[in-house]
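Participant: Below you'll find the structure I mean.
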Amino acid sequence: MLRSVSASRPPSPANPVAAFDLARLDDAFYADPFPLYRAMRERDPVHRMPDGSLFLTRWADLDCIYRDTRTFSSDKRAEFGAKYGDAPLFEHHTTSLVFNDPPLHTRVRRLIVGALTPRALSTMEPGLRTLVDRLLDGLAVKGAADLIEDFAAAIPIEVIGNLLDIPTEERGPLRGWSLAILGALEPRLTAEQEACGNEAVTEFLDYLRILVAQRRARPGDPATDVLTRLIQGESDGERLTETELLHQCVFLLNAGHETTTNLIGNALELLARFPDERARLLRAPALIPTAVEEVLRYESSNQLGNRRVAEDTEIGGVAVPTGTFLTLCIGAANRDPARFEDPEHFDVGRQPNRHLAFAGGAHTCAGMNLARIEARIALAAFLARFPDYALTAPPVRARRARFRGFTAMPTRLGSLR
């Protein structure tokens, strides 16, 4: 029997599960949301928030929703219209790949994936290894570092800059733009975050118009230059509009920077927190690929996704009407004991490990294999060079619900190998 969403009891402040609301999060949640996620998954896995939207925490529910693009839409125009109004953030997030359904999603994804083939990725690896070695050389000279600013964040910025063939000397603003735009996706948005996000979209678009004009005049190799590929479109004549083109470039920076920075940073923090697992990796470096997957599961870089219900349905016995907004809690689903054995245990050799860190179905992250390569190379090289690194102060957690990572990680690098 289905139970009506509207029949749910009103939240009680004495019950943290019933009272859970993404618009009212405290410091304890940002530090460690997983105990609350576990309680919600056990007691209220289809949770109605005060605004009428649903917060979902079970792996099976998320997996089903990701696969059903007819019932569950990624189009966020209604939600973002209310959130941003007629502003640059609205235009960007309603035009970019991730918040769209077919046909735009299909066209853009096909173009991007076509530039990230296994062959293309293999050609990137030598340059990526050189970049990582250069960064590690710089760390070795200092003996101490902020592993976010000096290492984790520096890698994806250069990789995305190379994919779009942005001149090295012009990459300085990229990280700031990305952080501001993605920061405006938080469930509760301050006036400052909104202003910074709109300013970042405007500045980035102004820069991209110049870059696109230059690339139209002097095209690169579409097999490796994603911007040239997006400009030229497909062989059957499919083309993006100028607005679509510009916003996909903004999306590529955002998707490739924040999540990969978090992946590398989270990996280094977890291996410092769990020294036995670090020792395992040092003894058996062949476990690096499974370790990266476990970091993705245990501390998912992207914690939350969203869908809008396009036709009446039910989720876990709950009747859900058309138009309902859903928040898909990837972080909770990736610790669901119905899917993962001993899910609260961090295990660098975990297999199988079918996590949802890269979403699923038609919206599976187009750049997931690139992110995996970046993380594997970065982690292997770092551990080989600094096996006994130690954090010298608690790392500073980014105060975000959607993206989980750190803003600073002061570290003593220790002796070289």
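FYI, it's all coordinate maths here, none of it is from the lab. Values in this document were obtained by computation on a predicted structure and should not be read as measured data. Positions of Cβ are generated from backbone atoms using ideal geometry, with glycine treated the same way; all protein chains shown enter the neighbour counts.
Participant: Would you mind telling me which residue in Ala255, Ala140, Ala378 has the biggest mean-square fluctuation in a Gaussian network model of the chain, where springs connect alpha carbons within a distance under 10 angstrom?
Facilitator: Highest fluctuation of the listed residues: Ala140.
Participant: Could you sort the peptides 404-413, 165-174, 335-344 by per-residue average Cβ neighbour count (10 Å cutoff), highest mean leading?
Facilitator: Packing proxy ranking, top to bottom: 404-413, 335-344, 165-174.
Participant: With +1 on each Lys and Arg Cβ and -1 on each Asp and Glu Cβ, how big is the dipole of segment 150-296 about its Cα centre, in debye rounded to the nearest 20?
Facilitator: The calculated dipole for segment 150-296 is roughly 320 debye.
Participant: Rank-order 191-199, 179-187, 216-224, 360-368 by packing density, defined as the average count of other C-beta atoms within 10 Å over each peptide's residues, highest first.
Facilitator: Most protected by this proxy first, the peptides run 179-187, 360-368, 191-199, 216-224.
Participant: Note down the relative contact order for segment 31-412 as a percent, whole number, built from C-alpha pairs under 8 angstrom at least six residues apart. List each step's numbers first, then the result.
Facilitator: Values: 574 pairs, mean separation 102.0, N = 382.
Rounded, it is 27 percent for segment 31-412.
Participant: Starting from the amide H of Val320, placed 1.01 Å from N in the peptide plane, find each other amide H under 5 Å away whose residue is 5 or more places distant or on another chain.
Facilitator: Amide H neighbours of Val320, under 5 Å, 5+ apart: Thr313, Glu314, Ile315.
Participant: I want to check the label-to-label distance for Asp165 and Ala223. Put each point 7 Å from Cα in the C-beta direction and report it in nm to one decimal.
Facilitator: With each label placed 7 Å out from Cα toward Cβ, I get 1.4 nm.
Participant: For Pro410, what is the net charge nearby, where nearby means another residue's Cβ is under 13 Å from its Cβ and Lys, Arg count +1, Asp, Glu -1? Don't jump to the answer; show the numbers that get you there.
Facilitator: Numbers: positive: Lys142, Arg412; negative: Asp146, Glu149, Asp150, Glu269.
Residues near Pro410 contribute -2 overall.
Participant: For Phe72, what is the net charge nearby, where nearby means another residue's Cβ is under 11 Å from its Cβ and Lys, Arg count +1, Asp, Glu -1? Walk me through the numbers on the way to the answer.
Facilitator: Details: positive: Arg67, Arg70, Arg307, Arg308; negative: Asp61, Asp68, Asp75, Asp101, Glu311.
Value of the local net charge: -1.
Participant: Any chance you could check the Cα centroid distance between segment 360-416 and segment 147-177 for me, in angstrom?
Facilitator: 15 Å
Participant: Sorted from largest to smallest, which semi-axis lengths in Å does the alpha carbon gyration tensor of segment 26-104 give for its equivalent ellipsoid, taking the root of 5 times each eigenvalue?
Facilitator: Details: eigenvalues 145, 68, 26 Å².
Equivalent ellipsoid semi-axes, largest first: 27, 18, 11 Å.
Participant: Still on this structure, please answer the following. Subtract the Cα-Cα distance of Ala213 and Asp51 from 0.36 nm times their separation in residues, and report this length gain in nm to one decimal.
Facilitator: Length gained between Ala213 and Asp51: 53.9 nm.
Participant: Given 0.36 nm per residue, what is the gain on full extension from Arg24 to Ala195 after removing their alpha carbon distance, in nm?
Facilitator: Length gained between Arg24 and Ala195: 59.5 nm.
Participant: Suppose each label sits 7 Å from its Cα in the direction of the beta carbon; what would the Val396-Arg239 distance come out to in nanometres?
Facilitator: That separation, rounded to one decimal, is 4.6 nm.
Participant: Compute the length gained on full extension between Glu341 and Thr322: take 0.36 nm times their separation in residues and subtract their Cα-Cα distance, giving the result in nm to one decimal.
Facilitator: 3.3 nm
Participant: Taking the chain as a Gaussian network, where each spring joins two C-alpha atoms under 10 Å apart, which residue of Arg77, Arg24, Arg109 fluctuates the most?
Facilitator: Arg24
Participant: Another one. Using the charge dipole of segment 31-412 (Lys, Arg: +1 at Cβ; Asp, Glu: -1 at Cβ; taken about the Cα centre), state which of Cys196, Gln351, Leu147 has its Cα farthest towards the positive end.
Facilitator: Comparing the listed Cα positions along the dipole, Gln351 ranks first.
Participant: Let me ask something else. Using a simple spin-label model with points 7 Å from Cα along the Cα→Cβ vector, what separation in nm is obtained for Thr313 and Gln351?
Facilitator: Taking the simple label geometry, Thr313 and Gln351 are separated by 3.3 nm.
Participant: Per the Cauchy relation, a quarter of the hull surface: what is the mean projected area of the convex hull of the alpha carbons in segment 71-143, in nm²?
Facilitator: 8.7 nm²
Participant: Quick check on packing: order 243-254, 386-397 by the mean number of other C-beta atoms within 10 Å, highest mean leading. Can you show the working numbers first?
Facilitator: Working: 243-254: 21.8, 386-397: 15.5.
Result, highest mean Cβ count within 10 Å first: 243-254, 386-397.
Participant: Per DSSP helix of 4 or more residues, -39500 (n - 2.57); summed, then divided by the residues of the chain. What does that give at 222 nm, rounded to the nearest 500?
Facilitator: Value at 222 nm, helices only: -15000 deg cm²/dmol.
Participant: Right, next: Can you give the charge dipole size of segment 31-412 about its Cα centre, rounded to the nearest 20 debye, using +1 on the beta carbon of Lys and Arg and -1 on the beta carbon of Asp and Glu?
Facilitator: It works out to roughly 540 debye.
Participant: Residue farthest toward the positive end of the dipole of the chain, with Cβ of Lys/Arg at +1 and Asp/Glu at -1: which of Ala319, Ser178, Cys249?
Facilitator: Of the options given, the answer is Ala319.
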